[in-house]
Amino acid sequence: MAELRGALIGCGFFAVNQMHAWRDIAGASIVAICDRDPERLKIVGDQFGIAKRYTDAAELFAGESLDFVDIATTAPSHRPLVEMAAAHRVPVICQKPFAPTLADAKAMVGACAQAGVPLMVHENFRWQSPIQAVRAVLDSGEIGTPFFGRISFRSAYDVFSGQPYLATGKRFIIEDLGIHILDIARFLLGDVSVITTRTVRINPGISGEDVATMLMDHDSGAISVVDCSYATKLATEPFPETLIEIDGSDGTIRLAQGYRLTVTGKSGTAITDVSPPLLPWASRPWHNIQESVVAIQQHWVDCLAKGIEPATSGADNLKTFALVEAAYAGAASRQPVQLDTLL
Ligand code: NAD
Ligand code: 89V
């Protein structure tokens, strides 16, 4: 198959990981980049040797013949850019959070469906190898039917130095980080019918909430707790590890800090080190996330080649995004929120 020609829009903080990952992936390469900030365009263009550079996405679509576009801008620009890709019949990957509102997200899914264009949300956390290892244990049947889960991300890591916009939005941890953890909960325990949420802000220097605790009913019958904090100072900083506890009818799974996976099930207890590999361009502690970027981008290339829907398609991500909206609504009302009222 001929190599897929891709373009990347948004050459900021996280896009550098996406550019490294594209270099590692056979079957696709980035032939053009776009950023409205000429300085970012130059930094990323020079680092990755990309000659074709645009400061305007409309000019990129007009000037290039593309097999896909990878949108790595922040949420406010996602809808116009995804709709532009759909109008040009260019398959599109869009970073999380998919959109500022669920209404925007639904419109983006609709625009791509109408144009017959594949759409994947770059929801990469479920692609982390420790999370995939937990999914593999569930699939093996070793712990039977899950009835309880706790998916936990608690840290005091300074995310604001790399991503200053996170300190200024009215919404913070659920929209930026919780979205990943809610997606992991869906990935492991299935879709959700009801969510109850409490939030707090501990850090006085930011505008949004930095602690969120969510209780969810899954359609499978399992109950989960998803808890997220950027105000939790621990002896050993766990960023960016997601810790997991799942209890099933025949056993338990514990993914503990340090990527230690303990499975107690039908065949006894097994303890495994599921540390992610440190890719040559990666740096600790981000290597867990960086590895998952390669995995999700490879998945996109494989899905395009096979003509199948990606696991985190736009349509799938509406269900994760609806959890975010429901969490904020429930935190404000202090009432449980039914998901079917949103989808
Ligand atoms: P950033 O602000 O550093 O970079 C965004 C870039 O997009 C900027 O250079 C900006 O000039 C450019 N841009 C914005 N609108 C544009 C437009 N219309 N046309 C062209 N360029 C435009 O942001 P970031 O920290 O790199 O985050 C980008 C996205 O990635 C966010 O949605 C964030 O939530 C997400 N993110 C995801 C992960 C993950 O693990 N999946 C991690 C970090 C950030
Ligand atoms: O993945 C993200 O979206 C990042 C971080 C892990 C730092 O929250 O913003």
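The values are calculated or read from the model by the stated rules, or taken from the named source; none is laboratory data. Owing to the predicted nature of the structure, the values given are computational and were not obtained by experimental measurement. Don't worry about glycine lacking a Cβ; one is built from the backbone with ideal geometry, like all the others, and counts go over all protein chains shown. Ligands, DNA and RNA are excluded from the accessible area calculation, which covers all protein heavy atoms including side chains. Shrake-Rupley method; radii C 1.70, N 1.55, O 1.52, S 1.80 Å.
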Cross-link partners of residue 42 among lysines (Cα-Cα below 19 Å; sequence separation of 8 or more within a chain): 52
Accessible surface of residue 191 - all protein chains present, 1.4 Å probe, nearest 10 Å²: 50
Of 322, 336, 203, farthest towards positive along the dipole that unit charges on Lys, Arg, Asp, Glu beta carbons give region 189-343: 203
Rounded accessible area per residue of the chain, 1.4 Å, Å²: 41
Cross-link partners of residue 96 among lysines (Cα-Cα below 22 Å; sequence separation of 8 or more within a chain): 106, 170, 319
Of all DSSP beta bridges in the chain, antiparallel share, percent nearest 5: 60
Quotient of Cα Rg and 2.2 N^0.38 Å for the chain, N being how many residues it contains: 0.98
Leading residue at positive end of dipole, region 4-117 (Cβ point charges), from 82, 113, 63: 113
Shape call, region 1-69: gyration tensor on alpha carbons, a/c limit 1.5: oblate
Protein accessible area in region 92-220, 1.4 Å probe - carbon and sulfur %: 56
Share of carbon and sulfur in the accessible heavy-atom surface of region 232-321 [1.4 Å probe, %]: 54
Region 4-117 - charge dipole about Cα centre, Lys and Arg +1 at Cβ, Asp and Glu -1, debye rounded to 20: 140
Value at 222 nm in deg cm²/dmol, rounded to 500, when DSSP H runs of n ≥ 4 in the chain each add -39,500 (n - 2.57): -10500 deg cm²/dmol
Cα-based helix-to-principal-axis angle, 287-306 vs the chain, degrees rounded to 10: 60
